[in-house]
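Structure first, then comments.
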Amino acid sequence: MSKKVVLIEDEPDIAEVIEYNLSREGYKVFLAYNGLEGLETVKREKPEVVLLDLMLPELDGIEVCRRIRENPMTRSLPIIMVTAKGEESDVVLGLELGADDYVIKPFSPRELIARIKAVLRRRSGDTQWSGRERIARKGFVIDVERHEVCIEGDVVKFTATEFRILHLLASHPGRVFVREQILSRAFDDGTFVVDRNVDVHIRGLRKKMGTLRDLIETIRGVGYRFRDEEG
């Protein structure tokens, strides 16, 4: 059965190209050309993923994202934002609201399809990642119960904060986390920290990860993510 994608995009030429390429990959695409129409389409079609442009008439993409996340029926729906490079602050806000990923215009259909497959894998759990307790990848294993990380067969010692950050990122491969999300999830309550503390810890993580340091990707101006194998 074809997976449903709701595409909310007000530029017909871009929408047509995206619809054509997704249809070739077997997705069933439902188009909406403004934010209000997009919300109605999401409610009616109950898609597996939403592609959401930020600059939309009626309701902008940020407000659409907010309403999808506030609705109990759609709050877990994967959202991929589509943005121009000049809208960095909107990307950060969208990710803080719960968007799963973003792509920058202009983008290749191949990249977009890879991002869609990545968020769908994370949603269904159909990945090589074996849950929260043990995360394994070639040359890399996190064992939560033992509080151990093995890098290419060797146990590498991480601080408690480094371990929490690494586990957070690795548990959601391909998902972008802004610094504020990392601060709220990985640092102890009551600890005084600022955004740059995250950067310092990321540098420490990469240094200890050695040849696998590139698994942690910097998304310039936004935050960090753990590289998805197929992304």
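Between Val50, Val103, Val82, Val92, which is at pLDDT 90 or above and in contact with a strand residue (DSSP E or B) (Cβ under 6 Å, 6 or more places away or on another chain)? Only one candidate qualifies: Val50.
Of all the residues in the range 124-162, those that are acidic (Asp, Glu), modelled with pLDDT of 85 or more and over 13 Å from Leu212 (Cα atoms) number 3.
Residue by residue, here is whether (1) of a type outside the set (D, E, K, R); (2) outside the structural domain of Tyr102 (by TED's automatic domain parsing); (3) over 18 Å from Val103 (Cα atoms) holds:
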site: Glu25; (1), (2), (3): no, no, yes
site: Asn34; (1), (2), (3): yes, no, yes
site: Val42; (1), (2), (3): yes, no, yes
site: Pro47; (1), (2), (3): yes, no, yes
site: Val50; (1), (2), (3): yes, no, no
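Of the residues that make up the range 168-180, is at least one modelled with pLDDT under 90 and either surrounded by fewer than 14 Cβ atoms within 10 Å (Cβ to Cβ) or more than 17 Å from Phe226 (Cα to Cα) (or both)? The answer is no, given that none of the residues of the range 168-180 is modelled with pLDDT under 90 and either surrounded by fewer than 14 Cβ atoms within 10 Å (Cβ to Cβ) or more than 17 Å from Phe226 (Cα to Cα) (or both).
Residues of the range 148-169 that are in a helix (DSSP H, G or I) and small (Gly, Ala, Ser): Ala160 alone.
The values are calculated or read from the model by the stated rules, or taken from the named source; none is laboratory data. Quick caveat, the model's predicted, so the values are computed rather than measured. Neighbour counts run over all protein chains shown; Cβ positions are idealised from the backbone, glycine included.
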